[in-house]
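Below: one structure, written as structure tokens.
The values are calculated or read from the model by the stated rules, or taken from the named source; none is laboratory data. Keep in mind that this is a model prediction, so the values were computed, not measured. We place every Cβ from the backbone using ideal geometry, glycine too, and count neighbours over all the protein chains shown.
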Amino acid sequence: MNSHLQLIPRQPAAGQFMGMCLKGFVILLTSLVLLSCDKEPEWKKVTLPDLSNRTITLSVVSVVNPRFPELTDTQLQEILHKTTAMTKQHFGLSVNFTKPTSVPVKTFFNYLKDNVKKQRHKDIVKFAGVSEEEKRKMREGVYKTLGLYWNDREVVADYARPYLLTPYEGDDFKQLAKALVETLLIRLQYWQHQKAEDGKPVIDDKPYNEWVWWDSIGYGDMPYDVVITNQIVASAEVYDMSVHSSIRGGITAGTTTYSEQSQFNAYAYIMVYPMLNNSDMLVQLRNDEQYTDEQITTYAAALLTHELGHLLLHLGHPFGNQNCVMSPTPLLKYREWYEGLDASQCLLNSEEMMTPGVTRLDYRADW
Ligand SMILES: [Zn+2]
């Protein structure tokens with residue numbers, strides 16, 4: 001759901017100004033930060049796939065952390081089977097999948113390139129002892145994302161308001177960014193203390209929970225189009241912070257982002273940790289005690305369909321339109337979200353966010 005997808009901006013955004021920057025500094029109206037031209041990053045855009053009515057075959061890997069409950073092979077197959085049906089239903093696309101291979105998360109993370117790790121390390125905010133400076137950067141990160149929804153301020157504010165842990169009125173995005181960061185940090189604390197079935201902390205000293213690394217792994221030789229993982233991805237960072245991940249306390253249930261080796265120059269991951277585990281926080285965010293086998297595979301398929309809307313069609317988020325699989329799941333209420341979907345009421349091109357190519361998927365060409 002989170003992603004390195006940027007809407008084709010209606011408000012001035014950083015990318016539009018890059019080419020105009022000659023010497024000195026340029027003020028970015030959206031973020032009010034100063035950018036030095038010497039350090040201008042080389043952002044490029046992934047091309048919108050030309051699908052030309054063909055059947056699309058996507059390669060799949062199951063990335064497993066043995067510390068956590070895992071999907072069975074049957075469940076995996078069922079998720080892919082249901083996703084084929086849902087992508088037809090919601091997008092009119094014919095999609096099938098290769099038989100999933102299974103890779104330990106430790107091995108999967110070897111795809112991370114050293115230079116990218118070095119560049120991105122500074123974007124991670126460590127849970128314990130978040131400084132005021134880091135909070136400020138986080139607020140800026142959220143505010144920048146919010147700026148992409150400038151024309152839908154009220155809709156986005158209404159979407160977030162019921163789930164915020166600090167009061168928020170109106171549709172002022174600066175205030176909303178503050179409330180989102182506070183909510184994220186409060187909910188994120190939970191994972192510091194929560195233990196997995198092996199008695200050790202769910203989030204330990206390993207890097208696997210950090211969204212930044214899942215967003216960066218495609219710069220290496222990672223060959224897959226789709227990743228399904230039982231690893232929890234819950235973290236705080238200073239860029240691309242989304243509204244829906246913030247209200248969940250930094251849980252990012254899925255992402256579509258750049259991948260050099262994947263056939264459409266992007267890959268999608270979904271994580272099923274929130275469906276397979278039943279800790280207090282998850283029960284609260286889901287509004288369900290636990291899911292049946294049928295629910296797990298159905299909701300995971302809906303989540304993957306959402307990501308494939310980003311991957312194959314570069315669709316956006318029609319916040320507030322509950323018929324759309326592209327509207328992000330509020331908190332982790334998969335049941336309510338799924339039951340509200342109606343593809344016939346959310347056709348492609350029926351609104352701006354459902355228009356192929358509405359978002360741009362950016363990557364650093366110099367990495
Ligand atoms: Zn999304």
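Candidates are the residues of region 108-138 that are at pLDDT 90 or above and aromatic (Phe, Trp, Tyr); the one that is farthest from Gln189 (Cα to Cα) is Tyr111. Among the residues of region 213-225, those identified as out of contact with any Ser or Thr (no Cβ under 7 Å at 6 or more places or on another chain) and not in a loop (DSSP other than H, G, I, E, B) are Trp213, Ile217, Tyr219.
Count of region 189-233 residues, restricted to those that are of a type in the set (S, T, N, Q), more than 14 Å from Pro69 (Cα to Cα) and in contact with a helix residue (DSSP H, G or I) (Cβ under 9 Å, 6 or more places away or on another chain), is 3. One residue stands out among those in region 290-346 that are of a type in the set (Asp, Glu) and away from the ligand (no atom under 15 Å from the Cβ): the one that is nearest to Asp158 (Cα to Cα), which is Glu336.
Taking first residues from region 156-180 that are over 13 Å from Met241 (Cβ atoms) and touching a residue at least 60 places away in the same chain (Cβ under 8 Å) and partners that are of a type outside the set (S, T, N, Q) and part of a loop (DSSP other than H, G, I, E, B), the Cβ contacts under 6 Å between residues at least 6 apart in sequence or on separate chains come to Val156/Tyr149; Val156/Phe319; Tyr159/Phe319; Tyr159/Gly320; Tyr163/Leu331. Counting only helices (runs of 4 or more DSSP H) that sit completely within region 108-211, those holding 1 or more residues that are within 19 Å of Leu331 (Cα to Cα) correspond to 132-147, 153-160, 173-193.
Results for (1) in a loop (DSSP other than H, G, I, E, B); (2) exposed (fewer than 15 other Cβ atoms within 10 Å of the Cβ); (3) of a type outside the set (Asp, Glu), shown as yes or no for each residue.
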position	(1), (2), (3)
Ile270	no, no, yes
Leu282	no, no, yes
Leu285	no, no, yes
Asp288	yes, no, no
Tyr291	yes, no, yes
Gln295	no, no, yes
Ala301	no, no, yes
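Yes or no: region 343-354 includes at least one residue that is under 18 Å from the mean Cα position of the chain (by Cα) and of a type outside the set (Asp, Glu).
Applying the first criterion (under 18 Å from the mean Cα position of the chain (by Cα)) to region 343-354 yields 353-354.
When the remaining residues are screened for being of a type outside the set (Asp, Glu), the result is 353-354.
The answer is yes, given that some residue of region 343-354 is under 18 Å from the mean Cα position of the chain (by Cα) and of a type outside the set (Asp, Glu).
Residues are listed down the side, and each one gets a yes or a no for (1) among the polar types (S, T, N, Q); (2) at pLDDT 95 or above; (3) surrounded by fewer than 24 Cβ atoms within 10 Å (Cβ to Cβ):
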residue: Asp204; (1), (2), (3): no, no, yes
residue: Val227; (1), (2), (3): no, yes, no
residue: Ser235; (1), (2), (3): yes, no, no
residue: Arg248; (1), (2), (3): no, no, no
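Restricting attention to region 234-266, the residues being within 14 Å of the ligand (Cβ to nearest atom), of a type in the set (Val, Ile, Thr) and part of a loop (DSSP other than H, G, I, E, B) number 1. Only one of Tyr219, Tyr208 is under 16 Å from Tyr111 (Cα atoms) and surrounded by fewer than 22 Cβ atoms within 10 Å (Cβ to Cβ); which? Just a single option satisfies the conditions, and that option is Tyr208.
Could you tell me which of the residues Met271, Met275 is under 16 Å from the mean Cα position of the chain (by Cα) and either within 15 Å of the ligand (Cβ to nearest atom) or among the aliphatic types (A, V, I, L, M) (or both)?
Numbers: Met275 fails: under 16 Å from the mean Cα position of the chain (by Cα).
Sole residue among the options that is under 16 Å from the mean Cα position of the chain (by Cα) and either within 15 Å of the ligand (Cβ to nearest atom) or among the aliphatic types (A, V, I, L, M) (or both): Met271.
In region 342-361, of all residues being touching a residue at least 60 places away in the same chain (Cβ under 8 Å) and in a loop (DSSP other than H, G, I, E, B), the one that is surrounded by the fewest Cβ atoms within 10 Å (Cβ to Cβ) corresponds to Gly357.
Pairs meeting the criteria (first residue in region 65-76 and in a loop (DSSP other than H, G, I, E, B), second residue modelled with pLDDT of 95 or more and hydroxyl-bearing (Ser, Thr, Tyr), beta carbons under 8 Å, at least 6 apart or on different chains) are Asn65/Tyr208; Asn65/Thr229; Phe68/Tyr273; Leu71/Ser62.
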